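Laboratory data are not the source of any read-out in this text; all were calculated from the coordinates shown. Because the structure is predicted, anything quoted here is derived from the model rather than measured. Note that each Cβ is placed from the backbone with ideal geometry, even for glycine, and that neighbours are counted across all protein chains shown.
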Amino acid sequence: MVRVALTGGIASGKSHVLAAFAARDVPTIDADLLAHEVVARGTEAAQAIERRFGSGIIGVDGEINRRKLGAVVFNDAGARRDLEAIVHPAVYSAIRRWFEMLPASTPFAVADIPLLYETRHESDFDVVVVAACEPDEQIRRVMTRDGLTEAEARSRVAAQLPIGEKVNRADYVVWTTGTQAETSGKVEDVIGRLTSAG
């Protein structure tokens, strides 16, 4: 089985690209969803996060308030590294287990991992696909999607490797600046190439 990692930048279109893979019956998993699971109330990771960042980041429901936590870690590189040291090992372990549980006859499967290059885990995978758009488009999308100011959006984009560097390191690039149908067509091309390579 070919292990494919899908990555990109914040608001670069990864979710649509992942959905396009899934629509073609390619097994997919989303590291962000796994990250939610590994930091759910009562988990070891959630307890470690509360110890590091204080009870102020815990919501009234007992869950981590991701907006409050995000406000801290996106403006403090040391805090972000501390959070990643808690969350990332648990997420990568879950991804490895997921690949191992897939049927042996599966030709390839895709894990969506936003911080693949930042966490230096690209060598865990056989192929890397990058979903990409121009940085100004990323900022516009983040502001629209998350209701952030331009300064907040720029801070979040700057917290990741530049999209151009990710594009240069990718095996395949899916540009998401066109229509959703055009993006899906580009995913179709990647699926064809992965299938023929297998």
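When you work out D = kT/(6 pi eta Rh) for segment 31-101 at 37 °C and 0.692 mPa s, using the Kirkwood radius from C-alpha pairs as Rh and the Stokes-Einstein form, the result is 263 µm²/s. For the chain, the share of DSSP beta bridges that are antiparallel, to the nearest 5, is 5%.
Given +1 at the Cβ of Lys and Arg, -1 at the Cβ of Asp and Glu and no other charges, the dipole of the chain around its Cα centre is 240 debye to the nearest 20. Dividing the summed -39500 (n - 2.57) terms of all DSSP H runs of n ≥ 4 by the residue count of the chain sets its mean residue ellipticity at 222 nm at -16500 deg cm²/dmol. Peptide packing: for 112-123, 153-164, the average count of neighbouring Cβ atoms within 10 Å per residue gives the ranking 112-123, 153-164, highest mean first. Pair-distance distribution of segment 140-198: all C-alpha pairs, bin width 5 Å, starting at 0; shares per bin in whole percent are 4, 16, 15, 18, 20, 14, 8, 4, 1. Listed by chain and number, the lysines whose C-alpha is less than 19 Å from the C-alpha of K166, apart from same-chain residues fewer than 8 away, are K14, K186. Here percent of Cα pairs over 23 Å apart was computed from the coordinates, and among (1) 46; (2) 37; (3) 55 the match is (1). With the dipole of the chain worked out from charges on the C-beta (+1 for Lys and Arg, -1 for Asp and Glu) around the Cα centre, which of G8, P114, H88 lies farthest toward the positive end? Value: H88. Basic side chains Lys and Arg get +1 at the Cβ, acidic Asp and Glu get -1 at the Cβ, and with that the dipole of segment 31-101 about its Cα centre reaches some 120 debye. Based on the Cβ-Cβ distance of D76 and E150, what FRET efficiency does E = 1/(1 + (r/R0)^6) give at R0 = 30 Å, to the nearest 0.05? Calculated value: 0.90.
Per residue, the average separation of C-alpha pairs within less than 8 Å and at least 6 apart gives segment 31-101 a relative contact order of 35 percent.
Taking each residue as 0.36 nm, the span from E44 to D126 lengthens on full extension beyond its C-alpha to C-alpha distance by 26.5 nm. A full extension of the chain between A85 and R52 corresponds to an added length of 10.8 nm, given 0.36 nm per residue minus the alpha carbon distance.
With a/c under 1.5 counting as rounded, go ahead and sort segment 70-152 into rounded, prolate or oblate using the C-alpha gyration tensor (a ≥ b ≥ c being the square roots of the eigenvalues; past the cut-off, prolate if a/b is larger than b/c, else oblate). Taking the square roots of the gyration eigenvalues as a ≥ b ≥ c, segment 70-152 is oblate.
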